[in-house]
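Just so it is clear, none of the values below were taken in a lab; they were calculated from the coordinates. Not measured: the values here are computed from a predicted model. Cβ: placed from backbone, ideal geometry, glycine included. Neighbour counts: every protein chain shown.
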Ligand code: TA6
């Protein structure tokens, strides 16, 4: 299918390069997505600052992951479990996807992209599959990532919609919805810790929260907004910020960028990995909504 266009709703830029980007519009706002990795790079409800953080130092090179937006980690999350030479976070984020469908109505503009196995993917991961990303840009931004197992044996998948959110100041934002759960801390030898209150960070964090399906709210008083993250068939949440030193050591990360971003990832990782039976499919969903931050009600007098 050639790159599909919809007048006033969907057009392409950099079409002749290795990294064509779809520009989508609906009556609620705009979004931009790169064909490499089916990676959303920008989501901007009208009249608001960007919802997603995108590094100014990102490299735009075929085969290299772009730093920011929503990379897709699939079919494994993080380092490959057995072979460290294989690419981190799998191969879906660095391959070129193909458009499958585009349509629009009064409420939304939708684009669907696909990726299938070929000799290169089978050399990295020995399964036949069909992967599909449906993007719906309406009052909210919805992403559905569907994996279909076309192999004759069960397919183990770990996955994440590795969303980088733009924040006014890392130390001033709060993430609600994980209270009462436990996290496995990658910065502390994957030890388990309880999360008793709303999450607030002062620097680096790399945490996996297992068995967390509830919606999350990222409150940002500096930008006067709250980002609601609704998760579908996602049992894990990953929270990541590289902190000052790691960010400075990453060539594609703006040096001060770590203060302006927080990754809150809709995921299935570690013990929440999914096993898809032959012929079956699994859909991971994230729905992102940006709303004004309503001030907390004043505490009642004692
Ligand atoms: O989601 C957190 C994480 O897995 C971190 O461990 C960190 O390395 C990050 O993703 C970025 O990974 P990348 O391969 O994009 O540099």
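The table that follows gives values for the structure above.
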{"read-out": "Relative contact order [Cα under 8 Å, 6+ residues apart], the stretch 214-302, whole percent", "value": "39 percent"}
{"read-out": "Whole-Å distance, taken between Cα centres, linking the stretch 90-127 and the stretch 161-231", "value": "28 Å"}
{"read-out": "Sites residue 191 and residue 245, calculated FRET efficiency, Cβ-Cβ separation with R0 25 Å, nearest 0.05", "value": "0.75"}
{"read-out": "Neighbour-count ranking [beta-carbon atoms within 10 angstrom, fewest first] of 42, 106", "value": "106, 42"}
{"read-out": "Which of 54, 131 has the fewest Cβ neighbours within 10 Å, and the rest in rising order", "value": "54, 131"}
{"read-out": "Theoretical gain in end-to-end length, residue 23 to residue 105 [0.36 nm per residue, Cα-Cα removed]", "value": "27.9 nm"}
{"read-out": "Label-to-label distance, nm, for residues given as residue 174 and residue 86 (7 Å Cα→Cβ offset)", "value": "4.1 nm"}
{"read-out": "Net length gained if the chain between residue 228 and residue 61 were fully extended (0.36 nm per residue, minus Cα distance)", "value": "56.9 nm"}
{"read-out": "Three semi-axes of the equivalent ellipsoid, the stretch 98-212, Cα gyration tensor, whole Å, largest first", "value": "33, 24, 12"}
{"read-out": "Distant alpha-carbon pairs in the chain (separation over 32 angstrom), percent", "value": "24 percent"}
{"read-out": "Inverse of mean 1/r across different Cα pairs in the stretch 1-142, Kirkwood, Å", "value": "15.8 Å"}
{"read-out": "Listed peptides 263-272, 165-174 by packing density, highest first (mean Cβ within 10 Å)", "value": "263-272, 165-174"}
{"read-out": "Evaluated at q = 0.09, 0.13, 0.17, 0.20 Å⁻¹: base-10 log I(q)/I(0), Debye formula over Cα of the stretch 162-302", "value": "-0.30, -0.61, -0.99, -1.27"}
{"read-out": "Ascending count of other beta-carbon atoms within 10 Å, so fewest first, for 245, 134", "value": "245, 134"}
{"read-out": "Volume per residue that the Cα convex hull of the stretch 47-116 spans, once the total is divided by residue count, Å³", "value": "134 Å³"}
{"read-out": "Rounded to 5, the percent of DSSP beta bridges in the stretch 65-182 classed as antiparallel", "value": "95 percent"}
{"read-out": "Percent RCO, i.e. relative contact order, over the chain, from Cα pairs under 8 Å lying at least 6 residues apart", "value": "17 percent"}
{"read-out": "Distance in nm between pseudo-label sites at residue 139 and residue 96 (7 Å out along the Cβ direction from Cα)", "value": "3.9 nm"}
